[in-house]
Amino acid sequence: MLLLFAVIFVLLLCFGGVLLYGAPYLPTLNKQVQAALELADLKSGETLLELGCGDGKVLIAAAERGWQAVGYELNPLLALVAWMRTRRYGKRVRVVCGNFWSAQWPPSQAVFVFLLPKYMKRLSNKIIQDCDDSVKLVSFAFPVPGAKPVRQLEGVFLYDHNSLRP
């Protein structure tokens, strides 16, 4: 019985604790993954950064397009799942178990998120301050407050640096 409580506690900690920093795990639907990658419109060898990579689904789709992909995941169980699912792509995909808010992001041409609305403005500010002017933000489901998307497709929003600026 003690083991059952320990397992439940660990699962609640892993899956519930992320709410303090971003969003709970909800898999991105295939239609939205394809829309996000279409909007990101990267060339072979360019890098997609996914903040909250969950099970690695978007990282895999990016790697299959010939892109480099880096995913951050705070939940260690999901980070392990993403790492296991993406191992076959070798150096094209990297999964980082950690908090993307405090990390030094690698250079990338696009950032993909499925983040709660209350964090979108903070993310926009971080991208404006810390990223190259050519970086695109692709957000599933939730727009950036006060910013006008450059394009929208299947519930996915695309922003460039200029559209994020107040």
- prompt: Taking the DSSP beta bridges in the chain as the whole, what percent of them are antiparallel, to the nearest 5?
  reply: 30 percent
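At 0.36 nm per residue, and after removing the present C-alpha to C-alpha distance, how many nm does the segment from Leu26 to Arg87 gain when stretched out fully? Please list the in-between numbers first.
Values: separation 61, 0.36 × 61 = 21.96 nm, distance 2.17 nm.
19.8 nm is the gain from fully extending Leu26 to Arg87.
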- request: Go ahead and run the numbers for FRET between Lys118 and Met1, Cβ-Cβ distance against an R0 of 45 Å, rounding to 0.05.
  value: 0.75
Other-chain or far-sequence residues with amide H under 5 Å of Ala110's (modelled H): Thr47, Leu49, Lys136
- prompt: For the chain, what value does the Rg/Rh ratio take when both radii are computed over Cα atoms and Rh is the Kirkwood radius, given to two decimals?
  reply: 0.98
message: Less than 18 Å from a label point 7 Å out along the Cα-to-Cβ axis of Leu153: which backbone N atoms in region 76-116 qualify, by residue?
response: 109-114
query: Expressed as a rounded percentage, what relative contact order does the chain have, with Cα pairs under 8 Å and six or more residues apart?
result: 21 percent
field: In the chain, lysine pairs with alpha-carbon atoms under 22 angstrom apart (chain gap of 8 or more, or interchain)
entry: 16
- prompt: Charges only on Cβ, +1 for Lys and Arg, -1 for Asp and Glu: so what's the dipole of region 2-164 about the Cα centre, in debye to the nearest 20?
  reply: 180 debye
task: Using a Gaussian network model of the chain whose springs link C-alpha atoms within less than 10 Å, name the residue from Pro106, Pro27, Pro143 with the highest mean-square fluctuation.
output: Pro106
field: Among Leu116, Leu59, Leu39: highest mean-square fluctuation, GNM of the chain, C-alpha pairs under 10 Å
entry: Leu116
task: Between Val58, Val81, Val96, find the one with the highest GNM mean-square fluctuation for the chain; connect C-alpha pairs within less than 10 Å.
output: Val81
message: Under a crude label model (7 Å from the Cα following the beta-carbon direction), how far is Glu64 from Asn162 in nanometres?
response: 3.4 nm
task: Would you please give the FRET efficiency between Asp41 and Asn125, computed as 1/(1 + (r/R0)^6) with r the Cβ-Cβ distance and R0 = 22 Å, to the nearest 0.05?
output: 0.40
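Go ahead and estimate [θ] at 222 nm for the chain from helices alone: -39,500 (n - 2.57) per DSSP H run with n ≥ 4, summed, over the residue count, rounded to 500.
Here the helix-only value at 222 nm equals -10500 deg cm²/dmol.
The numbers here are math on the coordinates, done by the rules we state, and not lab data. Source: prediction; values computed, not measured. Backbone-built Cβ (ideal geometry, glycine too); neighbour counts: all protein chains shown.
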